[in-house]
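Note sheet for the following structure.
The values are calculated or read from the model by the stated rules, or taken from the named source; none is laboratory data. Since the structure is predicted, the reported quantities are computational estimates derived from the model, not experimental observations. Methodologically, a virtual Cβ is constructed for each residue, glycine included, from the backbone with ideal geometry; neighbour enumeration extends over all protein chains shown. The accessibility values were calculated without ligands, DNA or RNA, using every heavy atom of the protein model including side chains. Shrake-Rupley method; radii C 1.70, N 1.55, O 1.52, S 1.80 Å.
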Amino acid sequence: MTQLPGLVAVVLVSLATLAIGSWGLRVSRTTSDFFVASRTVRPGLNASAIGGEYLSAASFLGVAGLLLTFGAEMLWYPIGWTAGYLVLLVLVAAPLRRSGAYTLPDFAEARLDSRRVRHVCSVLVVAIGWLYLLPQFEGAGLTLAAALDAPRWVGPVVVGLVVLVSVGSGGMRSITFVQAFQYWLKLTALLVPAAVLLVVWAGDRVSGPSATAADWSVPLGDGGAQGLYTTYSLVLATFLGTMGLPHVVVRFYTNPDGRAARRTTLAVLALLGVFYLLPPVYAALGRAYGAEPAASDSLVLELPRLVVPGLVGEVLTGMVTAGAFAAFLSTSSGLAIAVSGVLTQDVTSKRLPDLTAFRVATVVAVAVPLTAALLLPDFGVARAVGLAFAVAASTFCPLLVLGIWWRGLTAAGAVAGLLVGGAGSVAAVGWTLADGSSGWGDGWVDVVVGQPAAWSVPLAFAAMVLVSRATASRAPAHALRFMVRLHTPETVDLDRS
Amino acid sequence: MTEQGSPRRVRVTGPDRRARPIPRTGDIDEASPLGGVYLGSLLREQLWLAARVLGLLTVTVGGLPLLFFLAPGLDDVRVAGVPVAWLVLGVLVYPWLVLLGWHYVRRAERNERDFAELMGEVER
């Protein structure tokens, strides 16, 4: 009986997603529709879609649980995930749109006139995309196991199938509507239960979330200077990593022009800010009611039943389950689009007609991380997301920032930076995942290797600049012309060929 | 951008006889030294603006961990019963980020308008 609201919620969200997706199918006809919704998405709708796509399981379930367990130091995750959009707005948004490219590899190739850079970027997009898809599928398995007592493989398979159908049939145009819908669904699914629970809490006269553990209100990691390093490295990875996430970047090409791209980003900042006010409410209420969830990720799912037992609690649980499921679906869809876009352009379109190529690429983009999620059910959800951010910050962030603002970037410099940043961050976190502790240097080695962004990002920037300087004679001849296109407002009538 | 639907009604008129400024975009299209100067001025303006906004972000939000590290007494400060860390990091940061972004968008659009006017085009 207790599984009924959750089951209803999951079925409803899946049906709504498929219905909106198939409605979008009727208005999607061309390849341009599939990849960039023919570049006609207005800022309001596009911002909702970006918000819907971006707020993954980590935001919907993970943050509240981490806050309950570790306290205020975890507030840096939502702050970084939001501030990343400010950095993106300031450095990247409008020029990226004006570059007129479909994907990150397209941008790199157009800017640097090099197939080699393009291939390195394509590999990185697929790697980051799959790294980020894996925890979405695993989170779905955990959620359905908690809400419905389903076996762990059910969640990944259901999410994978729904994503496959909605992305493969409608492409970017239909997914825009699906994701805009899912932002508002997620916000409602977190806001309404939070409001009800707060009213109940005010009536219950339970004591406030008093900080019984002294450091619950310390916004720093443990261990003095090591905590400070960890916090700053996390801040750097999230502030700079957002612009390098493939599913975020691909949405910017759907704006009509550079100005709209900026306004979209500003709206995203506001939408994320509103959403991230809610997880601390769940954490505080969880503390006030002494919640001790089995896994910290399930706090949001278990809190309603704990505070209001009975029918109301069941209905509220159904709501948050719906929101969580929407979170898996929308983030996975966005990542599947981004990965399959790159696979289509670089692999399948050489052998197959346009739409078939996109659909085959989508199947591959979903099947690989799905298989990995089924084979490795305990990969560590939060770690994989952190790795994705660190890798994106150490590779695509320097490429975008230098490519947009510095005429002197060369193809050799870009490849050097991508390899140094990518290898450094992947090796560091891979080491941590595999081993976890060396015990060298009072634990400093583990801390520095465990949060690589603070050194891998500057290293990647340095490699790009130094190697570009050394190969300055091979700077692409059209660099100035390309920068003109990136920075000139559309109202100025230029030759934009 | 409005390709769908029926074509828009267009009023047919004779050629515009008023003197029209000659657009200076040719210099930019041909990547002449003068074009480089025009673009350089826009690029510097926008980069300087970006640096100012990012600097503000670094000092305010980026300074918070250091502040709490150097002044551990702040952990116990409460405003209306809420620990100040939760208030600042959980609530106040977000309107501040939106304000910074809003400021940036306004100034960036103004820079672009100035540039468009310099190019001899009036904004549509």
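Structure notes:
- Area accessible to solvent at A:LYS350, 1.4 Å probe radius, in Å²: 130
- Net lengthening on full extension, A:VAL199/A:ARG351 (0.36 nm per residue, minus Cα-Cα): 48.7 nm
- Average other protein chain Cβ within 10 Å of Cβ, residues A:402-411: 1
- When A:SER298, A:SER22 are compared by accessible area of protein heavy atoms, the largest-first order is A:SER22, A:SER298, using a 1.4 Å probe.
- Two-site label geometry, A:TRP153 and B:ARG107: point separation in nm, points 7 Å out along Cα→Cβ: 5.7
- Backbone amide hydrogens, once placed in the peptide plane, bring B:VAL82 within less than 5 Å of nothing, excluding anything fewer than 5 places away on its chain.
- Relative to one another, the C-alpha centroids of segment A:60-133 and segment A:143-169 are positioned 25 Å apart.
- Vicinal HN-Hα couplings computed from phi for segment A:300-312 (Karplus, 6.51 cos²θ - 1.76 cosθ + 1.60; Hz; Gly/Pro x): 4, 6, 9, 4, x, 5, 5, 7, 10, x, x, 4, 4
- Sorting the segments A:393-403, A:149-159 by their mean number of nearby beta carbons within 10 angstrom, highest to lowest, gives A:393-403, A:149-159.
- The residues of segment B:25-118 expose on average 50 square angstrom of accessible surface per residue, using a 1.4 Å probe on protein heavy atoms.
- Spin-label model distance (nm) - B:ALA51 vs A:SER22, 7 Å beyond Cα toward Cβ: 5.6
- Backbone HN-Hα couplings from phi across segment A:443-451 [Karplus 6.51/-1.76/1.60, Hz, Gly and Pro as x]: x, 4, 4, 4, 5, 5, 6, x, 10
- Distant-in-sequence amide H partners of A:LEU220 (H built 1.01 Å from N, under 5 Å): A:GLU73
- Rounded to whole Hz, the Karplus (6.51, -1.76, 1.60) HN-Hα couplings of segment A:228-238, x for glycine and proline: 4, 4, 4, 4, 5, 5, 5, 4, 5, 4, 6
- Ligands, DNA and RNA left out, the accessible area of segment B:25-118 computed with a 1.4 Å probe is 69% carbon and sulfur.
- Share of pairwise Cα separations in segment B:25-118, more than 21 Å, in percent: 53
- Hypothetical label at B:ARG44: residues of segment B:84-111 whose amide nitrogen lies under 20 Å (7 Å Cα-Cβ projection): B:107-111
- A loss of 20 Å² or more of accessible area (1.4 Å probe, protein heavy atoms, ligands and nucleic acids excluded) relative to the isolated chain is seen in these residues of segment B:72-93: B:ASP75, B:ARG78, B:ALA85, B:TRP86, B:LEU89, B:GLY90.
- Convex hull volume per residue for chain A, taking Cα atoms only, in Å³: 135
- Label-reachable residues, segment A:132-149, where backbone N falls under 11 Å from a point 7 Å from A:LEU376's Cα toward its Cβ: A:132, A:134-135
- Cα long-axis angle, helix A:258-275 against chain A (0 to 90 degrees, to the nearest 10): 20
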